[in-house]
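Notes follow once the structure below has been shown.
The values are calculated or read from the model by the stated rules, or taken from the named source; none is laboratory data. Note that this is a predicted model, so its numbers are computed, not measured. As a convention, Cβ positions derive from the backbone with ideal geometry for all residues, glycine included, and neighbour counts pool all protein chains shown. All accessible areas refer to the heavy atoms of the entire protein, side chains included, with ligands and DNA or RNA removed. Shrake-Rupley method; radii C 1.70, N 1.55, O 1.52, S 1.80 Å.
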Amino acid sequence: MEAGSADGFGADHRAAFRDAALQLWAEAGWAAVTVPAVCAATGLTEADFAAGYDSPEDLLGEVFDEGTEERTALVLRAMEAAPRNRIAQIRAGLDALAGFFERDPRQVVALAEAIGCPPLRRRRRATTQGFAALIGAETSTLPNPPDPREVRAAAQFCIPGFHELLFAWFDPDSPVDRDLVVDHAARLFEACLSVR
């Protein structure tokens, strides 16, 4: 539904519900995102919620999709602006992802917590496949491109490892910092592509 729709559910309500859901998700897991909880967090009513969403899972899906769309756009722009070599493009994409999570660390939790909820698990799987395809497509335009199937396989393998590095980065007891996340993830990806 668009802002200013006849039922009164507009962009402001949608943004408030998404932010509340992401906060609850990050603090207590996806199961904490209930209609009463998001209404209490936003000051909106259950009727307001029902005007925009069929269920908490519907809201969670929108939160997940919004983050995915933003990450994808950032990675694509970064890779297109990077020097025309494979490692530079991969590193640029990873650095863009790190910047996204640095700006809103709640998104790291949402990415991991998707595993426990079947509708979100499907979205997470599709997102991983989509990122692998994106990296494969972008690197296929380089001079002497690697086999796109190998790029996608390497991405499918490395993306979960990148997620684990993100969790380490945001763990206050871990020595991992942003530079290590980007550097190690890029080296891992390059190593996977070099295996024959």
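Just checking, how many residues over the range 110-145 are under 17 Å from Thr68 (Cα atoms), surrounded by 17 or more Cβ atoms within 10 Å (Cβ to Cβ) and of a type in the set (Ser, Thr, Tyr)?
Residues meeting the conditions: 1.
Could you tell me whether any residue of the range 115-125 is touching a His at 6+ places or on another chain (Cβ under 8 Å) and closer than 20 Å to Ala73 by Cβ? Break it down into steps so the answer makes sense when it comes.
Of all residues in the range 115-125, those touching a His at 6+ places or on another chain (Cβ under 8 Å) come to none.
No: the range 115-125 contains no residue that is touching a His at 6+ places or on another chain (Cβ under 8 Å) and closer than 20 Å to Ala73 by Cβ.
How about the range 145-190: which of its residues are part of a helix (DSSP H, G or I), over 17 Å from Ala96 (Cβ atoms) and under 16 Å from the mean Cα position of the chain (by Cα)?
Within the range 145-190, Gln156, Pro160, Gly161, Glu164, Phe167 qualify.
Restricting to the range 1-43, what's the tally of residues that are surrounded by 12 or more Cβ atoms within 10 Å (Cβ to Cβ), modelled with pLDDT of 95 or more and part of a loop (DSSP other than H, G, I, E, B)?
Residues in the range 1-43 being surrounded by 12 or more Cβ atoms within 10 Å (Cβ to Cβ), modelled with pLDDT of 95 or more and part of a loop (DSSP other than H, G, I, E, B): 2 in total.
Which numbered condition in (1) within 24 Å of Leu165 (Cα to Cα); (2) surrounded by 15 or more Cβ atoms within 10 Å (Cβ to Cβ); (3) modelled with pLDDT of 95 or more is the only one that Gly99 fails?
Unmet condition: (2).
Out of the residues in the range 56-70 meeting the condition of being free of Cβ contacts under 8 Å to residues at least 60 places away in the same chain and touching a helix residue (DSSP H, G or I) at 6+ places or on another chain (Cβ under 8 Å), tell me which one is surrounded by the fewest Cβ atoms within 10 Å (Cβ to Cβ). Please lay out each step first, then the result.
Looking only at the range 56-70, we keep the residues that are free of Cβ contacts under 8 Å to residues at least 60 places away in the same chain, and these are 56, 58-59, 62-63, 65-67, 69-70.
Then keep just the ones that are touching a helix residue (DSSP H, G or I) at 6+ places or on another chain (Cβ under 8 Å); that gives 56, 59, 62-63, 65-67, 70.
Working: Pro56: 22, Leu59: 24, Glu62: 16, Val63: 22, Asp65: 12, Glu66: 15, Gly67: 20, Glu70: 14.
Step by step, filter the range 56-70, then rank; the result is Asp65.
Kindly evaluate Leu193 against the criterion of being open to solvent by less than 80 Å² (accessible area, probe 1.4 Å), assigned to a helix (DSSP H, G or I) and either in contact with a Leu (Cβ under 9 Å, 6 or more places away or on another chain) or among the basic types (Lys, Arg) (or both). Before the answer, list the steps.
On the way: open to solvent by less than 80 Å² (accessible area, probe 1.4 Å): yes; assigned to a helix (DSSP H, G or I): yes; either in contact with a Leu (Cβ under 9 Å, 6 or more places away or on another chain) or among the basic types (Lys, Arg) (or both): no.
So Leu193 fails the test.
For residues in the range 71-95 being small (Gly, Ala, Ser) and open to solvent by less than 20 Å² (accessible area, probe 1.4 Å), which is nearest to Ile135 (Cα to Cα)?
Taking the range 71-95 and keeping what is small (Gly, Ala, Ser), we get 73, 78, 81-82, 88, 92-93.
Okay, now just the ones that are also open to solvent by less than 20 Å² (accessible area, probe 1.4 Å), so 82, 93.
On the way: Ala82: 13, Gly93: 8 Å.
Filtering first and then ranking leaves Gly93.
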